[in-house]
Structure formats: C-alpha cells, structure tokens
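Some notes on the structure that comes next.
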Amino acid sequence: TDDGIFRLKGGSRFANMMKYEAGKVYHVEAVLSTVDRNIQVYVDGKRVGLRMFYALVAAVERIVFRTGVPRTFPTVDTPADQTYDLPNAGAQDPLAEYGIANVKTSSADKDASSAFLKYADFSHYADYFNGMEDENIVQAIPNAKASEWMEENIPLFECPQHNFEEMYYYRWWSLRKHIKETPVGYGMTEFLVQRSYSDKYNLIACAIGHHIYESRWLRDPKYLDQIIHTWYRGNDGGPMKKMDKFSSWNADAVLARYMVDGDKDYLLDMKKDLETEYQRWERTNRLKNGLYWQGDVQDGMEESISGGRRKKYARPTINSYMYGNAKALSCIGILSGDEGMAMKYGMRADTLKNLVENELWNTRHQFFETMRTDSSANVREAIGYIPWYFNLPDTTQKYEIAWKEIMDEKGFSAPYGLTTAERRHPEFRTRGVGKCEWDGAIWPFASAQTLTAMANFMNNYPQTVLSDSVYFRQMELYVESQYHRGRPYIGEYLDEVTGYWLKGDQERSRYYNHSTFNDLIITGLIGLRPRLDNTIEVTPLIPADKWDWFCLDNVLYHGHNLTILWDKNGDRYHCGKGLRIFVDGKEVGQANTLTKIVCENALK
C-alpha cells in the first residue's frame, strides 16, 4: 500500500503482514498449496503471512504483476450495460514505482525434480501391488507408506511396453520391503522370513553388491548410507560377524554408488573398512598361484556343476570380485591423494587380470571356467561372464567368442532366460529340484550379473557378436520370468523351460532380494553409464523398431536431476523428435536416433 503496509488479500479479506520501507530490497517467497488450500508468505526468510484460498483450486498456473490500486470493479452485481461515467474518468493516478529484480518459481511437490513425468500417473502400481498380498511381514516401510516412499525416492520411468513399466515399479515396491530398522541404523534383508544362518537382524551378506547397485538410485541417501554402515560398523563398531561367509564385490559397489551420488566424503570415509575387508580375503582365500578360492555355497551358488560345498576351487566369481575391488581401492587411493594405495591395488588388479586370463580361460571351450585342483572343471557356467561385470578381459577379440553362447540353445539360451550352466553339458539339471541347485536353472542373481556384464561388453569393447536386439530380448525374458500366477513376483530361481518358480509356493521365496532389475533398466536398457567425471554418457540398448517413446525422469545424478527421453515422432513429449537429455530441466544433448550421446562437462 502507499502508506508502507505489505498486505495479503484472500477472498474479500485483507491481512496486514508487515511494514516496508520504500527503496529497500526484499526477498519474498510465496508457498501456495492446493492440498492445504492456503498461501504462506515469507519475507527475508521470516514467515509474515498465512491466508486461506477464497476457493478450492486444482492447480496454480501463473503469476500476474500489475501496478496501481487493486481492482475490485466491476463486481458480479455490476450491470452489463454501462449507462454512466466512471468516477474520475480521464484522471491520472499518481506514479507508483517498484522494481522486480528476478522471479523464480518451482513446484513444491515431492516429485518436483522431474521434468516430464509425475508420480501420480504411476501411483496405481503401488495400489495394485498392495492389494496383491496379505502383508504378513512388515519392516521399516509398510505397504500403507509404500507409495509415499516411492514418490519421494525413485526415478520415474514410462515406456509403451506395459510389463517393463509394471516390473520397474514392482521392483522398487518390493525392494522397499527389505529396508529394516535396526538398533544401529537401517539394514537391508535378503529374505523377509527369519533364516537360521543369517547375521544379526536377519541380514545375509550374499547379495550386498546387488543391494548397493540397485539402491544407489534412491534419492534419499540415508537408506544406503546406513545400510552400508550397518554391515561394516554395526557389530560393536566393527563388521558383521558373518560378512566373510559370502564372496564380496562390495568395494566395487561402493565406488559404483559414488559414481551416481558424487558423495566423496562418504566414499573416503569407507576407505579403511573396504581395504580391511580386501586384506582379510587375501589372508583367508588366496592360493599359492595368486588366484583366490571359494566354495560354491560361499559364492551363493550351491550345488553347481563345477564346485562343491567344501571345494577350494579358483572360480571366476571371487577372482573377478577381487579384481573389481582392487580397481575400486586403487581409484579410492587416487581420489584421496594416496598414491601408495593407488599403486598397490592397481598392481594387484593387473596381477589378477593376467591370472584370470591365463589360468581360467579354457582355450578348448573358449570360456572362463572354474579351475579345480589341477585342471579346468570343463563346464561353461554363467559365472564365466562375471569378468566382464568388472571390465576385466582384454579388449582383443580373443575373448568375445564366449558371448556367442548367449544365443545358443545348447549354451545358455532358454525359453525363460539365461541358464546358470550350459544346456549341452551331461550334468545339466542333475542335482535334483528344490535344493538351491545352480546346475542350470535360472537364478535372477546370476541373470543380473550376466546382463550387467553384457551391457559393459557392448559399451566398452569393440565387438561384433552382440546387438541391441539380443540385449533387449534377454531383458524382455527377464521381465517375463518375474511373474507367478499372472502377477509380478520375484523369488529364488525358476525352471528354464516352463518359467515355474521352483520355490514359488514357499513363504521364504516371496520378494527374494537377491538381484538387480532397475539398475539394468537405467544403466543397460536406457543406457545411462555412470562416470566419475562431469560428463553424461547415454547409450540405449533398445532396437529402433521396438519403442516409439520412453522417458526416464527424476534421476538424481551427481547432485543434478536428469531426464532421458526418446520421442520418435515428437508427439509424446512435445520437445522435438529424437533422443534428448535434460539436466535440471535444461536440454544438454540430442540425437535423431537411438545412439550414443556424450555430453561433456554437462554437470558443472
């Protein structure tokens, strides 16, 4: 007002908020809520006003600025035909002078960081999943809070193939079930039911790497921050007692998490814990030839063709894990300015690379295989692809032939996905049924590892074996396999021909948290390739004739909100044709086709 009052009007009522001084600069923030039906006004950080809306509104669309006295005429009672002159017609109002330096608007919705998608359009998935079950086991986040948790935490995804989209939201919904409150912070379970061989709080160390890779995309870091700390410091300040019961690629996974969230302080705070774990494996599981041994049970892969419960064999698993961990520790050394550490673990990684290539590569089978006491186990198993999970094999064409087995029905190709052992082997599926056998049946744990390795091979190696059609088809089978009686389901393992979950009617198997899925959608199918620098790299592995559109939105990456979308015809998202990348709502990269895009320094 012209007498120095800053006031707010709602309906017919005014509210004086504060006095102002002419010529002084004020920072004004107005928070409008259509849910609460009110407006709150803050000036220089202090709340000065609260008013109820005159009427309910569905949305707030615009801000209008105007000078002069607020207009209250005409009213609803003003005659339609004007037969009189207005008061002071032709007179000039005194000059009112003010300046607006800048105006910024932003949504206060929980998914306001998304540029194109809104969680409300996908909340029906959580409602459907909640209605599928009796929820007999409840941990930190009950079904009643599942949708709210998803709205606050997950990237949004849509595509024209319904089962992909449904499974994406189902896997976030089911992952949430495994977040558990403990006296030392959040933990993450593998089984919802209590297991006799678990650690404190029913935690099992087998799939920690998968848990970290999948959960690194959650927007709120507290969950994974605490889950990792619970494992390494939740036992009176030390690691959980049974962490050494299963092989670990945790150092690699923690670094992979840093490549998404960019939290260097947290990464370096874990430096000592991760190095101590590596040194423990060196003491307990290293063979005289420099390779590492592991039993198949301790690999989480009991009853395999190549291994045994008490066999100390050099398996591609633990040796690839130790290579990945060594590479990660070397990188952590560089990031912390510890040149000695960087060199020490860099040399260990080089040594393991040579040993795996020279000792575990079966030249007759042209495959990485388990080495028994003095000879190869002479069986191709899915674990032979794990070296590519960590980009271990050399880029020469010598090793790429192994990937042909993915497409061979005598190899790993089956109606419901990728088998854990080659189908031609005489001992395929001979260990019985229902005994957690890894002699051929499909395990999502292994499928996730192979699909991650496959995406690495296709992105990081000059190769002529695999196409995006092969990757897409395997992802399609991975999606199709995760149903039971027509509803989304993730369990332990399934028959490769019928798709029947072999423990599907056991309570222990339901919601088995033993694999990744959404990480494969984000980094493999959509192709966001996490990096250490400020460059965004996207390489979709989707055939051009499959989807006319898709969108991955609300991705928190290096502290920025990312959107990746494909709009073949430009009529879905109305921002042009082609593949487009946005950072905080601003376009930073574009291509006309589904191809690799590299946006250098897009995150600065």
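Just a few scattered comments:
- Here the average projected area of the convex hull drawn through the C-alpha atoms of the chain stands at 34.8 nm².
- The trypsin sites (Lys or Arg not before Pro) found in the range 370-435 that occupy coil by DSSP, while having at most 15 further C-beta atoms within 10 Å, are LYS398, LYS410, ARG424, LYS435.
- Angle in degrees between helix 143-153 and the longest Cα principal axis of the chain, rounded to the nearest 10: 80 degrees
- Compared with the rule-of-thumb size 2.2 N^0.38 Å for a compact globular protein, the range 4-160 has a Cα radius of gyration ratio of 1.55.
- Between the residues PRO540, GLY576, ILE564, the greatest Cα displacement towards the positive end of the dipole of the range 479-604, with unit charges on the Cβ of Lys, Arg, Asp and Glu, is found for GLY576.
- Radius of gyration (Cα atoms) of the range 107-207, expressed as a multiple of 2.2 N^0.38 Å: 1.20.
- Amide H to amide H, with H built 1.01 Å from N, MET18 comes under 5 Å of PHE6, counting only residues 5 or more places away or on other chains.
- Pair-distance profile P(r), taking every C-alpha pair of the range 134-281, with 5 angstrom steps and integer %: 2, 9, 18, 22, 20, 14, 9, 4, 2, 0
- Using alpha-carbon coordinates, inclination of helix 162-177 to the longest axis of the chain, degrees: 90 degrees
- Bins of 10 Å from zero: percent of alpha-carbon pairs in the range 1-75: 15, 48, 33, 4
- Kirkwood hydrodynamic radius of the range 324-470, Cα pairs, Å: 16.5 Å
- The range 245-318, relative contact order in percent, only Cα pairs under 8 angstrom and at least six apart counted: 29 percent
- Karplus-derived 3J(HN,Hα) values for the range 284-294, using 6.51 cos²θ - 1.76 cosθ + 1.60 with θ = phi - 60°, are 9, 10, 8, 8, 4, 7, x, 7, 10, 9, 7 Hz; glycine and proline are entered as x.
- A prolate overall shape is assigned to the range 140-180, the ratio a/c of its alpha-carbon gyration tensor axes (a ≥ b ≥ c) being 1.5 or greater and a/b exceeding b/c.
- Distance cut-off 21 Å, percentage of C-alpha pairs in the range 431-543 lying past it: 43 percent
- Relative to its residue count, the range 319-360 spans a Cα convex hull of 39 Å³ per residue.
- Which of HIS124, HIS178, HIS162 has the fewest Cβ neighbours within 10 Å, and the rest in rising order: HIS162, HIS124, HIS178
- The value of relative contact order for the chain, using C-alpha pairs under 8 Å at least six residues apart, is 12 percent.
- Isotropic mean projected area of the C-alpha convex hull, the range 199-259 (nm²): 4.0 nm²
- Prolate/oblate/rounded call for the range 178-525, Cα gyration tensor, a/c under 1.5 rounded: rounded
- Under Karplus coefficients 6.51, -1.76 and 1.60, residue-wise ³J(HN,Hα) of the range 353-362 in Hz, glycine/proline x: 4, 5, 5, 5, 5, 8, 9, 9, 7, 8
- Residue-averaged [θ]222 nm for the chain, counting only DSSP H segments that reach four residues, each worth -39500 (n - 2.57): -8500 deg cm²/dmol
No lab work stands behind these numbers, since they all come straight from the coordinates. Quick caveat, the model's predicted, so the values are computed rather than measured. Every residue, glycine among them, receives a Cβ derived from its backbone with ideal geometry; neighbour counts consider all protein chains shown.
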